[in-house]
Structure formats: C-alpha cells, structure tokens
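The values are calculated or read from the model by the stated rules, or taken from the named source; none is laboratory data. Note that the structure is a prediction, hence the values are computed from the model and not measured. All Cβ positions, glycine included, derive from the backbone under ideal geometry; neighbour counts span all protein chains shown.
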Amino acid sequence: MRINQFPAQQSLEKEAWEVLENSILYYQGRPVGTVAAYDTSIEALNYDQVFIRDFVSSALLFLIKGKTEIVRNFLKETLKLQPKERQLDCSKPERGLIPASFKVVTENGKERLVADFGEHAIARVTPVDSCLWWIILLRAYVMATENIGLAHEPEFQTGIRLIMELCLVSRFDMYPTLLVPDGACMIDRRMGIYGHPLEIQALFYAALRAARDLLLYEGNEDVIDAINKRLPALSAHIREHYWLDLNRLNTIYRFKVEQYGEDAHNQFNIYSDSLPCDKLDKWIPKQGGYLVGNVGPSQMDTRFFSLGNLMAIISSLSTDQQSQSIMNLIERRWDDLVGEMPLKICYPALEGQDYKIITGCDPKNRPWSYHNGGNWPVLLWMLAAAAIKTNRQNLANRAIEIAQRRLSDDEWPEYYDGTHGRLIGKEARRYQTWTIAGFLLAKELMKNPAHLTLISFEQVSIQPASRAIEFELNSYGSYIYYR
Ligand code: GLC
C-alpha cells in the first residue's frame, strides 16, 4: 500500500505545481502574481486577475521554495497601486488601501497594471483585508529572505505607515476592533458580516504585529505608540468578548441586560434570546470553544468562521488555552467542519428566513453553498499551520489525507457544497489557484514545520526586545503597560 502511495502523491504534487506555474501572471516580462483561476472552459469574469488575498497562499509557497522574486515584484507593484493622497472624492479609493485585485492591460503595445478596489466587483465590496494581508506578506518575505532591506525602503515605509494610519486614525467607534462594511474580506458578498467580523480582526491583529516589526522607529514614533496601545486592547477584547465555550455560554445565557456605565457586565447588551442557545449547548463540546464571528451593540454572531479562528491561533491572538480548545472543537465536530473536504468556511449555514434576509436571497449563497457553509480547500493550509502551532499535527494529516483523495480528480475546484462538502461547488471554477497553492502549502508546512515562522507570531514577545512592552489586564479592566 505504502509503496504505491508514494509515487501517486509525488505525481499529484507535480501536477499541482504545473497548474500553479501556468497561473503565473507576467508584467513587462516579470512574474508579478498568480491569477485567481486558470479555467479555460468558462468565461473568466475577474478570475483572470491577481487577487491580493488569493496570492498569499501562492506567495508563501514560493517563499518556502526560494522563489522570492515573484513575491518581491508583487509587493512592489501592488504598493505602486496604493493611493498616496488623501481622498475627499467618495468615488476614489482612500489613501492607504491596497486593491482587491489587479490585471495587466495592453494599450498601444504598452503594458500597464489596472487595479480594482471593489469598483468593478459584484456589489462594489471594499477589500479591507488586502492591506492587512499585504503587510503580513511583506513580513513573511523579510523572514524568508532574512533581509529587512526591502521593508526599510522609503516607499515601503510610507506604504506601511499609510495602512496603519487608515486603520488607526479615522474611526467612528471606540472599540479596539476595526469597523468595516459587509463583504470586506474572503467572504466578499453580503453575509451579515459587517461591523466587527472576526476575520478582519484576526488579520488586523497580525498586521499590527507585522507593521510593528517592520516600521523604523525614527519618524514613526506616533504610529508605533498607537500600535503598542492597540495590540493589548485588541487581544484582550477578542479573548474576552468573542470567546464562546460552555462556561461562557452559561454566563451569556443568564446575562443581565440594560446595564449602564463602566461597570456593566454585559457590555454589549446581548440578549440571550437572540442567540441559538439550545443548539450551541448541544454543539459545543465540553473541552472545546471558539471565537464567535462578530460582536457589536446587542449583536453576537455565533457562527464559527474558520479563517478568523485559524488566523487567531496562528497569530497568537487567542491564548494558548483557547487555541487548544478551538482545535478540540474542530476534532470533535469533524463531520460538521471538515466532512468530505476541508474546511467549512463558516458553520452553520444561514437557512430559511435568515438566509433570505441576511444574504439578500443570494442564489450563489444558498444554504450550504459557497460562502454560506461551503467547504473551501484553500483553508487547508491555515488548518495545517494552526495544527503545527498547537502541536496537533494529526488533525492536519487527517485533513490532507481527505483532500488529496479528491482534489485532482475534481480538477482543483474553488469550493464544495453540501452539509459535508460532498458536492463540487455548483458554480465553482476548476483549477482555482488558491485551492492548488493551499494544498501544496499545507504539505510543505507539514514536511517542515519551521516554515510556520513566516506567518506566525509568538505568544509572549510581541515585538523586538529593545522596545518590548508586556501587558496584562488589571482587575479594574484597564491595561497596564510595562516598558
Ligand atoms: C471569490 C471569493 C474571494 C476570492 C475571489 C477570487 O470572490 O469570495 O474570496 O478572492 O473569488 O478567487
């Protein structure tokens, strides 16, 4: 059995690499990214563009394989697309944003890059995650090349600073979390994830830590100071208010409401009647827990979102104990979350009236399809990374085993449908690049777990020792800093 499996796996990886290499986009003769999908059987729509979030999987893989040039080109070109001037015209993207995607256009024999900040996307959604992924990837590049030179170039320092200003300066609310519109991340259609969705908060946390590592201190004292204050506030907020396990469910179930002032226990005025407490009571295992999808005024979205939870583990946004509990939950609820193809993008799906009202009757997001409870193979690499981080490699191996049984035969689809991910996604593209890269990246991470450092952050030291601050929450609920 083993003797036969080895060559089969090798040819599977070889095939995946070939498809991945076919997806590389060239600009003025240089590789600058990978297109979202290379499926010639259907109309490309915008899948022939390089999406920032999609390219991260390919980029990490290229970095691991020493192919750093394509990642450097990508970082440089996308940086040029970032608006540098303050924008009062609402039809133009704000200073600091990085586009959702870009393509190469040829005019009079000359090539140029054209960015899409959401103005050409379905429903004109804003790609908030792009600028966060961009910083995270820049740090990965620095780690892989062991050379901080690129990040220290003046244009890069400006680029990081502008992103930080965009996230830290202008705001309406006074939460440590980032306020965003619906569909501002991987789930880029209406799915009721406006406000403070977990995915954005986990990426925000990782981006803050990455920016802190990359920014030169001189000239950026104010931003670094703001990051130092925001990081502990953000992690304490998420660890407390987003956390859900049986203990916490008990507290929430008996929450007092309509409390005023600083001492309010139920800070967000959550009415437990608005939550599916019975279902959660049955679903959450004794040793398990997770970070909920969204918390805001009288709002707690208790859906499980995989990307946010896995990135919280990888970036150390969750505590070690919470990370173990999340992995316990994935293990105990394997059929629901992994089933026949890793991994559910969110669980459970919105059904009935919820589906109609919250998605706006979106036919692509019917219950258990696409963003609404579909299974997305790209998430495999994040599961592998989180499994390594928590020393639960067996879970990643099981998931890879399941994925490799089907992915190639199914022609590397974008996503799967059904409660257990048994159906190839109704409108899924074939040869979706991040499906391929996500699979290969998961394999590479498992082969050499040391590569995890490219994307992960340590629990304790959140910045270089010279400027280190530690933090804890005192008993009055404010933060104490040690410099
Ligand atoms: C879909 C996904 C989005 C992805 C894009 C390109 O719109 O929802 O996350 O970036 O396809 O693959």
TODO: Mind checking which helices (runs of 4 or more DSSP H) fall wholly inside the range 198-258 and carry at least 2 residues that are aromatic (Phe, Trp, Tyr) and touching a residue at least 60 places away in the same chain (Cβ under 8 Å)?
DONE: 198-214
Task: All helices (runs of 4 or more DSSP H) inside the range 96-195 with 2 or more residues being more than 15 Å from the ligand (Cβ to nearest atom) and of a type in the set (Val, Ile, Thr) - done: 128-145, 154-168
- [ ] Mind counting the residues in the range 417-447 that are in a helix (DSSP H, G or I) and in contact (Cβ under 8 Å) with a residue 12 or more places away in the chain?
- [x] 14
Open item on the list: Take Ile64 and tell me if it is touching a His at 6+ places or on another chain (Cβ under 7 Å) and not small (Gly, Ala, Ser).
Closed with: yes
Task: Only listed residue being buried (at least 16 other Cβ atoms within 10 Å of the Cβ) and among the acidic types (Asp, Glu), chosen from Asp225, Asp213 - done: Asp213
Open item on the list: Please list, ordered by residue number, the helices (runs of 4 or more DSSP H) wholly in the range 330-416 having 3 or more residues that are under 19 Å from the mean Cα position of the chain (by Cα).
Closed with: 380-389
TODO: Can you confirm whether the range 47-67 contains a residue that is within 16 Å of the ligand (Cβ to nearest atom), touching a Cys at 6+ places or on another chain (Cβ under 8 Å), within 28 Å of Arg161 (Cβ to Cβ) and modelled with pLDDT of 95 or more?
DONE: yes
Open item on the list: If Ile270 satisfies all but one of (1) without any contact (Cβ under 8 Å) to a residue 12 or more places away in the chain; (2) touching a Ser or Thr at 6+ places or on another chain (Cβ under 8 Å); (3) β-branched (Val, Ile, Thr), what's the number of the condition it fails?
Closed with: (1)
- [ ] Please indicate, with yes or no, whether at least one residue in the range 420-440 is hydroxyl-bearing (Ser, Thr, Tyr) and either touching a Pro at 6+ places or on another chain (Cβ under 8 Å) or away from the ligand (no atom under 14 Å from the Cβ) (or both).
- [x] yes
Task: the range 432-483, subset modelled with pLDDT under 95 and among the polar types (S, T, N, Q), residue surrounded by the most Cβ atoms within 10 Å (Cβ to Cβ) - done: Gln463
